[in-house]
2 protein chains.
Amino acid sequence: MTAPAPAFNREALENILARRFFVAPSFEIYGGTAGLYDFGPPGTALLNNFIDTWRKHFVLEEDMLEVDSTILTPYEVLKTSGHVDRFCDWMVKDTVTGDIYRADHLVENVLEARLEADVRARMSALELEAKAKADKAAAAAAAAASGQAAAPAKKTKQKVEVAATKLDAKVRTAYEEILAQIDNYGGDGLARLIREHDIRTPEGNPVTAPVEFNLMFDTSVGPTGDVKAFLRPETAQGQFVNFAKLLEYNNGRMPFASASIGRSFRNEISPRNGLLRVREFLMAEIEHYVDPEDKSHPGFASHADVVLNLLPAKTQLAGSTTISHMKMGDAVKQGIIDNETLGYFLARVHLFLVKVGVNPTLLRFRQHMSNEMAHYACDCWDAELRTSYGWIECVGCADRSAYDLTRHSERTNKKLVVRQALAEPRISEKWTIVVNKKKFGPAFKRAAKDVEAALMALDELAVVAIKDALAKSGAAMVATPDGAQHKLDATLVTVERVTIKEHVREYTPNVIEPSFGVGRILSSLLEHTFYSRPEDAARGVLSLPPCMAPIKALIVPLSNNTAFSPLIHDLRQQLRRRGLATRVDDSASSIGKRYARNDELGTPFALTVDFQSVKDNTVTLRERDSTKQIREPVATIINLVDQLVNGETTWDQVIKKYKVFTEQEA
Amino acid sequence: MTAPAPAFNREALENILARRFFVAPSFEIYGGTAGLYDFGPPGTALLNNFIDTWRKHFVLEEDMLEVDSTILTPYEVLKTSGHVDRFCDWMVKDTVTGDIYRADHLVENVLEARLEADVRARMSALELEAKAKADKAAAAAAAAASGQAAAPAKKTKQKVEVAATKLDAKVRTAYEEILAQIDNYGGDGLARLIREHDIRTPEGNPVTAPVEFNLMFDTSVGPTGDVKAFLRPETAQGQFVNFAKLLEYNNGRMPFASASIGRSFRNEISPRNGLLRVREFLMAEIEHYVDPEDKSHPGFASHADVVLNLLPAKTQLAGSTTISHMKMGDAVKQGIIDNETLGYFLARVHLFLVKVGVNPTLLRFRQHMSNEMAHYACDCWDAELRTSYGWIECVGCADRSAYDLTRHSERTNKKLVVRQALAEPRISEKWTIVVNKKKFGPAFKRAAKDVEAALMALDELAVVAIKDALAKSGAAMVATPDGAQHKLDATLVTVERVTIKEHVREYTPNVIEPSFGVGRILSSLLEHTFYSRPEDAARGVLSLPPCMAPIKALIVPLSNNTAFSPLIHDLRQQLRRRGLATRVDDSASSIGKRYARNDELGTPFALTVDFQSVKDNTVTLRERDSTKQIREPVATIINLVDQLVNGETTWDQVIKKYKVFTEQEA
């Protein structure tokens, strides 16, 4: 059931996705709103199948604690998490028209256009003609495949037009270097690029200096309008704030993971590239809580042999993008992946992505370089999928350390810690100040309580300093919070070596977070699974795995003769009882055409009902990619479809066991 | 598997829901935000099981077209649907403190408090003492059941304190009448009530006149901030705007339904009663599109015998709340339910609610009276569930007529209609203006085109008027859009009787909408399924149907002896492979205590592993409500659990077939 790997035709795929209502711009009859998309029936089924597979692969398999938290999030929570201050992009304004651009995108588009103009300028007239011809042919092929008149390609970027102009070799190199690290520029860096390289809008106008724009949608809760809130930018915070309850639900046992699947929102300055950069999207996030002193994982050994495509930071720093194919276990042992738990999750993510239809040769794990990692993260790998838009970040796997739990705990004064009973008490010695109560009170009078509290709050270094001062000069000073200095002597306090016995260890767990952008994964895997029949470029096929296909079985009666109705009804009932979605196509089109229509929907199996079926209760079963068929009794066919969809058998096995059927009635 | 029906103890249930993290106030460590709740692991599983069951019962069973649309909705869409102007509640402000109250709630609370004070005033000292004693005993029982110290009951309303004061009989009646129809007062009506009955805040302060408050959360999209949008208040509009695409996906066939499951938002002025009135909630909505001239339904006959608890408008108008137990088919035939399709959906909703655990004796369908129905609706029934808060509207079943599609079509100039090929062409005659092209052009010169267009746009009445004018005076006038008048005579135009043959009928479908408030249903059915063991009030049980239970099977080893580990691992694997969620409880508590803990989670089955299990590979299977057990080989038990969860067998059948097991090792 592996599809051939043809040249990918984006326009033909987009045409199918629109025409068959996988996805459409939201509120299209109102002109649409940039960055918002609706999923139609097959798109929604794909989404639901994704969620179902994800939940089985991660939540059910590992007893993760799934949480369903609200989208509305109070200001304070996101202030604490850092989103209010740091979840921003830089924007610039056209000084003439007032149009707004995302600064890095504008720089990127202008430099790319100049590089392209340079290529054109260097081409001979002959080469240019050949290129124009090739472009035209490609457009025509796309149009043929989409079954529609050739239409101009959709503009996915604000198009910058630059006349063919040769660039100096040095300038070329500079541009290429800028583009390679465009994600790493801050406001000042972007301002400098705009100034130095005379970046202008597509209209040719200058732009303002970049200003920060927070990407969260804001609103207010309640009738007074003074309770400020945001739509969550990720589901993670809704899990972190529930950490104490989750740990309790898990009977205090570590490690464990929570998980959430839900909508998140980013008010993108310039949404683009279809489902890849949108304003409302589905996320699936796991927060795995682990002892910072022990990041081993019980599933490590059983997943150590999973081979991953790795692009480590070191390779990137050396200016290369060569992928290392490595066993996960080796990568952890060699210190390329920071720890067992992170390695385990990379392997699980790899297995999951392949399960839902991602082409493993178009999947890589790219490690963040230190300058692109969030300041609190200690290691981060992105699962990237290769698409016609380049490598797209689809799953982020970060070790967020203890950052979020610590911040929320500090802000709310609520403990977000694990208390671990120690098998052996932990014994340590410590210099400690001992107060001579009898003299201390009379000596400091009303300040006594504050002075004692100030002494107790000192760390061990300060305590040793007091010990030394007392030994040296017989006196030492201590400050109370009001700023007053108080003099101590050996009659008031002594400093002693005290043995401390701890029976419980208290720690803030680290969090390892695999975070899935569902729309991006679906969008990429639709590219990976789309192909055209070699014998007919116009017949597009979505080679979705059966578990992901919106409809599992197409039922095709030879004609709309009512003699077929009882059997069709029976087939639907039986498949439905097993939770398998079906679709009947009893239109007047030829059987071949009806198969083709459902190949576009990714329907893996088709059951054909003809007059022989009515006589002997057999139907044919056709598989989408091989287009081969078998003919068996209804009961056998229903069982096979069930097993094929649930991964209990494969079409190759079926074809080996049953006779391939070749004759079909007209 | 039916639970006994004991006196319901709300506090004990709420304690379990909080303690076992079914549900908790969102961002509780930050003090929470009124009207926002998070679902913890068992609550999320319950929610997911609800969605799964709903999707199978409605979407899969009837091939509904599921749509996943965005939460962010542009201003224009909700302006057109009427939400911008009419989706409001009335609020009043305390003139001293500035506190804001929902006007109808305030009136309700004050009048209820006065009625209660009247009752107290009429009681003898003896009766008062008895009441105080009974209240205290109830609180203690609740505390015992919850396993916690007695805590004051949560305030679910703004409490109004009124000293015991007798009311005049007439005043009492007036108050009761107001409360019975409190939902029907507009702003003026509420202002009058506040004035006439001296309604004050709990602090005793007067309030301002009621002002309208729109319940939608607003935000803006994009960097300029000038694209106004709302968080959707329902999923319906996201379906309506996609109607044309959905009809095309359905190959133009009617009737059909679309469906959506998703979050919706209402900025309630005063959220209250736990999950019953919240600001962010899950909705599941069906929009069934039907020919207004033919509201028959293919499923009507097979559901005609479903007996419904009906409370028709007529009964309510007669001042009664007596429920009629009627077969759905009879109710439609007698005109109580408006049409077959609506009747069919009421039956389907009834069957669904019972499937997920609603007690059918606590379910009624209440018909809207004409004054509470949306102005466009032609019939509306609410499925109401009886809870400790009274009857709660959980599913609205409205015939929305052609209202929404017509409005969106008018606003966008996009056709949202069905084109029905007529078997027999529809033939009609019509007076039509025929232009004499030869003379018409020269006569009107540059205006000719506009004049002809104006004539063609006339309706038949206007055409007949022109005919009459021509016959009478030989001339007639017609106006062009620019306001100019043009003179016609019999040489320029004639009016003729023309036969029209229509092969296609074009109509705007009516929409029948069952709309489910998921949180309200879950909240109600938790009340319906909660009970305490008669032998032990402190042991609460959630008698959830197996398909809804968060965890299907508890696995209980006799002790944490490692001899049990392989079998436990094997049981989990096998159950997981069938998609059945399990939980292992290998804590040191007694087996009885471990059962009890999982009764609270609604876990229907428990598998106990003991030393005999290790020897002969048998385990016991215990059912939650009967607490009876059987002991069989592992393979048999696994199959039984699967069948029990999927509704293929019942515990009664199992108990009849297998020997009840009574001895358990200590």
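Over all directions, the average projected area of the alpha-carbon convex hull for segment A:273-319 comes to how many nm²? Walk me through the numbers on the way to the answer.
Details: hull surface 27.8 nm².
If I average the Cα hull's projected area over directions, I get 7.0 nm².
Fewest first, what order do B:Leu567, B:Leu353 take by the number of other Cβ atoms within 10 Å? Intermediate values should be presented prior to the final figure.
Numbers: B:Leu567 19, B:Leu353 23.
If I rank by nearby Cβ atoms, fewest first, I get B:Leu567, B:Leu353.
What is the angle, in °, between the Cα long axis of helix A:125-146 and the longest principal axis of the Cα atoms in chain A? Nearest 10 is fine, range 0 to 90.
Long axis of A:125-146 versus the principal axis of chain A: about 80 degrees.
So which GluC sites (Glu not before Pro) in segment A:489-564 end up in coil per DSSP with only 13 or fewer other C-beta atoms within 10 Å?
A:Glu535
Semi-axes of the equivalent ellipsoid of segment A:551-661: what are they in whole Å, largest first, if each equals the square root of 5 times a C-alpha gyration tensor eigenvalue? If you can, show how the numbers build up before the last one.
Details: eigenvalues 74, 47, 40 Å².
Equivalent-ellipsoid dimensions as semi-axes: 19, 15, 14 Å.
List the distances, in nm and shortest first, from the label point of A:Lys501 to the matching label points in every other copy, placing each point 7 Å from Cα along the Cα-to-Cβ direction.
Copy-to-copy label distances for A:Lys501: 10.6 nm.
Based on the alpha-carbon set only, what is the convex hull volume of segment A:389-493 divided per residue, in Å³?
Value for segment A:389-493: 243 Å³ per residue.
Just name one of A:Gly32, A:Val84, A:Leu47: the one whose Cα is farthest towards the positive end of the charge dipole of segment A:29-138 (beta-carbon charges, Lys/Arg +1, Asp/Glu -1).
The listed residue farthest towards the positive side: A:Gly32.
Students often get this wrong: which residues of segment A:420-455 have the backbone nitrogen under 18 Å from the point 7 angstrom along Cα-to-C-beta of A:Ile500?
Zone members listed by number: A:420-435, A:453-455.
How big is the charge dipole of segment B:424-505 about its Cα centre, in debye rounded to the nearest 20, if each Lys and Arg gets +1 on its Cβ and each Asp and Glu gets -1 on its Cβ?
320 debye
Inter-copy label distances at A:Gln612, 7 Å along the Cα→beta-carbon direction, one decimal in nm, shortest first?
Counterpart label points of A:Gln612 in the remaining copies fall at 5.5 nm.
With a cut-off of 8 Å between alpha carbons and a minimum separation of six or more residues, what is the relative contact order of chain B in percent?
Averaging sequence separation for qualifying contacts and normalising by length gives 14 percent for chain B.
When the dipole is taken about the Cα centre of the protein assembly as shown, and only Lys, Arg (+1) and Asp, Glu (-1) are charged at their Cβ, what size is it in debye, to the nearest 20?
Dipole size: approximately 380 debye.
Taking only Cα atoms, what is the 0 to 90° angle, nearest 10, from helix A:460-473's long axis to the longest principal axis of chain A?
20 degrees
List the distances, in nm and shortest first, from the label point of B:Gly319 to the matching label points in every other copy, placing each point 7 Å from Cα along the Cα-to-Cβ direction.
Values, ascending and in nm: 9.4.
As a footprinting exposure proxy, order A:Trp391, A:Trp381, A:Trp54 by other Cβ within 10 Å, with the fewest listed first.
Ascending Cβ contact count within 10 Å gives the list A:Trp391, A:Trp54, A:Trp381.
Compactness ratio of segment B:215-315: Cα Rg over 2.2 N^0.38 Å, N = residue count?
So the Cα radius of gyration is 1.48 times the expected 2.2 N^0.38 Å.
Just the C-alpha atoms of the protein assembly as shown: what Rg/Rh do they give, with Rh taken as the Kirkwood radius?
We get a ratio of 0.99 for the protein assembly as shown.
Can you give the FRET efficiency to the nearest 0.05 for B:Ala125 and B:Arg576, using r as the Cβ-Cβ distance and R₀ = 56 Å?
Efficiency, from the Cβ-Cβ distance: 0.30.
Of all DSSP beta bridges located in the protein assembly as shown, what percent are antiparallel, nearest 5?
Numbers: 189 of 213 bridges.
Among the beta bridges of the protein assembly as shown, antiparallel pairing accounts for roughly 90 percent.
Could you quote the convex hull projected area for chain B, Cα atoms only and averaged over all directions, in nm²?
Average of the hull's projected areas for chain B equals 42.6 nm².
Take every residue in peptide A:19-31, count the Cβ atoms of other chains within 10 Å of its Cβ, and give the average of those counts.
Per-residue shielding by partner chains comes out at 6.
Based on DSSP loop calls and a cut-off of at most 10 other Cβ atoms within 10 Å, the longest stretch of chain B free of exposed trypsin sites (Lys or Arg not before Pro) is what?
Longest stretch, sites excluded: B:254-658.
With n ≥ 4 as the cut-off for DSSP H runs, can you work out [θ] at 222 nm for chain B, using -39500 (n - 2.57) per run divided by the number of residues, rounded to the nearest 500?
-11000 deg cm²/dmol
Inside 10 Å of the C-beta atoms of B:222-231, what's the mean count of C-beta atoms belonging to other chains?
On the way: counts 11, 13, 6, 1, 0, 2, 0, 6, 1, 6.
Mean partner-chain Cβ count within 10 Å for B:222-231: 5.
Find the relative contact order for segment A:424-506 and round it to a whole percent, using C-alpha pairs within less than 8 Å whose residues are 6+ positions apart. Kindly include the intermediate steps, with their values, before the conclusion.
Values: 108 pairs, mean separation 41.4, N = 83.
Taking the mean separation of contacting Cα pairs over the length of segment A:424-506, I get 50 percent.
Just which residue of chain B brings its Cβ nearest the axis of rotation onto chain A, and by how many angstrom, rounded whole?
Residue of B nearest the axis onto A, distance in Å: B:Thr219, 2.
Within segment A:408-452, which residues have the backbone N less than 15 Å from the label spot 7 Å out from A:Ala479 along Cα→beta-carbon, could you tell me?
In segment A:408-452, the label zone of A:Ala479 (backbone N under 15 Å from the point 7 Å along Cα→Cβ) covers A:451.
Can you give me the angle between helix A:169-180 and the longest principal axis of chain A, using Cα atoms only, in degrees from 0 to 90, rounded to the nearest 10?
Result, in degrees: 80.
Let's see if you can work this out: charge +1 on each Lys and Arg Cβ, -1 on each Asp and Glu Cβ, no other charges. What is the dipole magnitude of segment B:551-661 about its Cα centre, in debye to the nearest 20?
Here the size comes out at about 40 debye.
Give me a single rounded figure for A:40-47: the average over its residues of other chain Cβ atoms within 10 Å of their Cβ.
Per residue, the number of nearby Cβ atoms from other chains is 6 on average.
No lab work stands behind these numbers, since they all come straight from the coordinates. Computed from a predicted model, the values in this text were never measured in an experiment. Because the Cβ atoms are built from the backbone with ideal geometry, glycine has one as well, and the counts that use them run over all protein chains shown.
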